[in-house]
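The values are calculated or read from the model by the stated rules, or taken from the named source; none is laboratory data. As the structure is a computational prediction, the values presented were derived from the model and not from experiment. Ideal geometry is used to build each Cβ from the backbone, glycine not excepted, and the neighbour counts take in all protein chains shown. Heads up: the accessible areas ignore ligands, DNA and RNA and are worked out on the full protein's heavy atoms, side chains in. Shrake-Rupley method; radii C 1.70, N 1.55, O 1.52, S 1.80 Å.
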2 protein chains.
Amino acid sequence: MHTIGTLARRTGTKVQTIRYYEQIGLMPEPGRTEGGQRRYGDVDLDRLAFIRHSRQLGFPLEAIRELLDLSDHPARDCGAADSIARRQLREVETRIARLQALRSELERMIGECRGGTASECRVLEVLRDHSECLADDHDAID
Amino acid sequence: MHTIGTLARRTGTKVQTIRYYEQIGLMPEPGRTEGGQRRYGDVDLDRLAFIRHSRQLGFPLEAIRELLDLSDHPARDCGAADSIARRQLREVETRIARLQALRSELERMIGECRGGTASECRVLEVLRDHSECLADDHDAID
DNA sequence: CTTGAACCTATAGTTGCTGTAGCTCCTATC
DNA sequence: GATAGGAGCTACAGCAACTATAGGTTCAAG
Ligand SMILES: [Zn+2]
Ligand SMILES: [Zn+2]
Ligand SMILES: [Zn+2]
Ligand SMILES: [Zn+2]
């Protein structure tokens, strides 16, 4: 039996985060001591580790919910798991592409600035006027 | 004189977002009609465009606040603007590196799965056990 | 003068936590 | 058995940067 603090330490999670996962139904309601403190089993530890590892790979909680559900039903087809992972990969790829575009714009505007006053600053000029950019769009924010 | 809707349309911003910027002091309180509706001038349009463009380049609102302040004081030294931009560039580079690491892990786990049941799924196995990963850490989440 | 699109305020919800206040409990030491 | 203090408890506020909704008012065209 583990306390919530032990689970936290063993998985690198904050205690409040574990309670939050319980609140949103990602972690089960564990047993309690007479005094009302949570006590977890090894199954819970594994589940939390699964959640945390999935988060580290960038999966949103809703995706993790589905992945846990599949993991809880070993006889089901894994197609759903794979498609969630592929969706996540596409998401990551999109974000990389967008960030790479931002990186070049930032590099360029920083590289062009020769210092001096704010009125001469290329950084500020570019921010004022998107037509100074090479990209014709930097669509989605974040 | 422009309505809030015109500003929104011309800068690709939601009306509520403009009011939000006013609330947090990024946009000034504009004049109002007799009936209480906001009316903006061209200066306001430029300012909003500056904010939006900066957001598209990923600058957080607090950084934009400083950039606007510099832009409002043309005689100041532009060093601060440049260092904000360099900080943003470093941030973007960090995120790219992290996402590239995630991309390889995702590609690998997807590539290894041969289908079948959830119990045989490599995707789920990797999520259950980080030692299946090549990276020994995927530290920061998001 | 009427209609309806656009405006107004205020508040709650989003995602995934994190921090705080003000308690109570558990356990080690004496 | 008493006590101290680390760990646990609930409940709620806050973060970033919006977005959405409800329920009302104003503006401008016809
Ligand atoms: Zn400069
Ligand atoms: Zn641009
Ligand atoms: Zn699979
Ligand atoms: Zn891993």
Worksheet, complete the sentence: Mean projected area (nm²) from the convex hull of Cα positions in the stretch B:29-76 is 4.1 nm²
Fill in: Debye intensity ratio I(q)/I(0), log10, the protein assembly as shown, q values 0.14, 0.15, 0.16 Å⁻¹ (C-alpha model)
-1.01, -1.06, -1.12
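Per residue, how much accessible area does the stretch A:5-110 show when a 1.4 Å probe rolls over the protein heavy atoms, in square angstrom?
Details: 5420 Å² over 106 residues.
Per-residue value: 51 Å².
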Worksheet entry | Ratio of the Cα radius of gyration of the stretch A:79-140 to 2.2 N^0.38 Å, where N counts its residues | 1.63
Discussion item. Under 5 Å between amide hydrogens, which residues at least 5 positions from B:Phe59 or on another chain qualify, with H placed 1.01 Å from N in the peptide plane?
Written reply: none
Worksheet item: To one decimal in nm, how far is A:Ile24 from the same spot in the other copies, if labels go 7 Å from Cα toward Cβ? Please give the shortest first.
Response: 2.1
Worksheet item: Residue of A with Cβ nearest the axis relating A to B, plus distance in whole Å?
Response: A:Ile96, 3
Worksheet item: Hey, what do the phi angles of the stretch A:70-83 turn into as Karplus ³J(HN,Hα) couplings, whole Hz, using 6.51/-1.76/1.60 and θ = phi - 60°, x for Gly and Pro?
Response: 5, 4, 7, 10, x, 7, 5, 6, 8, x, 4, 4, 5, 6
Item to complete: Check each residue of the stretch A:15-64 and keep those whose accessible area, probe 1.4 Å, is at least 50 Å² smaller with all protein chains in place than in the chain alone; give them in order of residue number.
Response: A:Phe50, A:His53, A:Arg55, A:Gln56, A:Leu57
Worksheet entry | Derived scalar couplings ³J(HN,Hα) [the stretch A:131-138; Karplus, 6.51 cos²θ - 1.76 cosθ + 1.60; whole Hz; x for Gly, Pro] | 5, 6, 7, 7, 5, 8, 7, 10
Practice prompt. Along Cα-to-Cβ, 7 Å out, sits the label point; list in nm, shortest first, how far the one on A:Asp42 is from those in the other copies.
Written response: 7.4
Item to complete: List the distances, in nm to one decimal, from the label point of B:Ser83 to the label points of the same position in every other copy, shortest first, placing each label point 7 Å from Cα along the Cα-to-Cβ direction.
Response: 5.2
Worksheet item: Considering protein heavy atoms only and a 1.4 Å probe radius, which residues within the stretch A:108-126 exhibit an accessible-area decrease of no less than 30 Å² in the full assembly relative to the chain by itself?
Response: A:Ile110, A:Gly116, A:Thr117, A:Ala118, A:Val123, A:Leu124
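Given Cβ point charges of +1 (Lys, Arg) and -1 (Asp, Glu) and nothing else, what value in debye, to the nearest 20, does the dipole of the protein assembly as shown about its Cα centre take?
On the way: 44 positive and 50 negative charges, 94 e Å.
For the protein assembly as shown, the charge dipole is close to 460 debye.
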Discussion item. For chain B, set up a GNM with springs between Cα atoms under 10 Å and report which of B:Pro74, B:Pro28, B:Pro60 has the largest fluctuation.
Written reply: B:Pro74
Worksheet, complete the sentence: Interface buried area B-A, accessible surface with 1.4 Å probe, both sides summed, nearest 100 Å², comes to 4800 Å²
Worksheet entry | Amide proton proximity set for A:His2, modelled H, under 5 Å, gap of 5+ | A:Tyr40, A:Gly41
Worksheet item: For the stretch B:40-45, in order, what is each residue's ³J(HN,Hα) by Karplus, 6.51 cos²θ - 1.76 cosθ + 1.60 with θ = phi - 60°, in whole Hz (x at glycine and Pro)?
Response: 10, x, 5, 4, 5, 4
Discussion item. Give me the three principal axis extents of chain B from the C-alpha atoms, as integers in angstrom, largest value leading.
Written reply: 69, 40, 20
Discussion item. Could you check the spin-label model distance between B:Thr6 and A:Ala135? Points 7 Å from the Cα along Cα→Cβ, value in nm.
Written reply: 3.0 nm
Practice prompt. Sum up the charges of everything whose Cβ sits under 13 Å from the Cβ of A:Arg103, counting Lys and Arg as +1 and Asp and Glu as -1, but leave A:Arg103 out.
Written response: +2
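Show me the ranking of peptides A:17-25, A:122-130 by mean Cβ neighbours inside 10 Å, starting with the highest. Before the final figure, lay out the partial values.
Details: A:17-25: 14.8, A:122-130: 20.8.
So the order, starting with the most tightly packed, is A:122-130, A:17-25.
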